[in-house]
Amino acid sequence: MTARFLDIAEIELDEAIRWYDAQALGLGDAFLVEVLAAVHRITRYPRAWHLLSDGVRRCRLTRFPYGLIYAVGDNDILVLAVPTCTDIPTTGATDSRLSPTVIG
């Protein structure tokens, strides 16, 4: 399985990396490494994480207060958002980015 990010998710990721870089040298890189490790786990075990709604799941990062919101397709993973944990919906997400129809 492969993974790809929606444009908005890439923007969220880039903003978080920049913010962490501003906090301490190398912290943005550490954040990116953790995100990539989470993406790798998701591609290996796509249905292992918390189900938010039909076809949409959440994988929380371990070191940073972020998660990956993603949908599982036939052959790929689509990362829909990279929110902070306080922004992660717990049930019945209504954000249009979280619609299971985004991935075919």
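Values quoted throughout were computed directly from the atomic coordinates according to the rules given, and no laboratory measurement underlies them. Since the structure is predicted, the reported quantities are computational estimates derived from the model, not experimental observations.
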Query raised in the report: Taking H as built 1.01 Å from N, whose amide H comes closer than 5 Å to the amide H of Leu68, not counting residues under 5 places away?
Result: Cys59, Arg60, Leu61
Report task. Starting at the first residue of the range 37-45, write each ³J(HN,Hα) from the Karplus equation 6.51 cos²θ - 1.76 cosθ + 1.60 with θ = phi - 60°, in whole Hz, x for Gly and Pro. Result -> 5, 5, 4, 4, 4, 5, 5, 7, 9
Query raised in the report: Could you give me the ³J(HN,Hα) list for the range 58-73, computed from phi with Karplus coefficients 6.51, -1.76, 1.60 and θ = phi - 60°, whole Hz, x at Gly and Pro?
Result: 10, 10, 7, 6, 8, 8, 10, x, 10, x, 10, 9, 8, 10, 9, x
Query raised in the report: Which percent, to the nearest 5, of DSSP beta bridges fully inside the range 2-87 are antiparallel?
Result: 75
Query raised in the report: For the range 18-26, what does the Karplus curve 6.51 cos²θ - 1.76 cosθ + 1.60, with θ = phi - 60°, yield as ³J(HN,Hα) per residue in whole Hz, taken in order and with x for Gly and Pro?
Result: 4, 5, 5, 4, 6, 7, 7, 4, x
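Can you tell me how much longer the chain between His50 and Ala30 gets when fully stretched, taken as 0.36 nm per residue apart minus their C-alpha distance, in nm with one decimal?
Between His50 and Ala30, full extension yields 4.8 nm more.
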Report task. Let me see the pair-distance distribution of the range 2-87: every alpha carbon pair, 10 Å bin width, integer percents in order. Result -> 18, 54, 24, 4
Report task. Taking H placed 1.01 Å from N in the peptide plane, check which residues at least 5 places from Gly55 or on another chain put their amide H under 5 Å from its amide H. Result -> none
Report summary line: Long-range amide H partners of Gly73, meaning residues 5 or more apart or on another chain whose placed amide H is closer than 5 Å, are Leu78
Report task. Determine the gain in length on full extension of the stretch Asp74-Glu15; use 0.36 nm per residue of separation and subtract their C-alpha separation, reporting nm with one decimal. Result -> 18.3 nm
Report summary line: Subtracting the Cα-Cα distance of Ala22 and Thr86 from 0.36 nm times their residue separation yields 21.0 nm
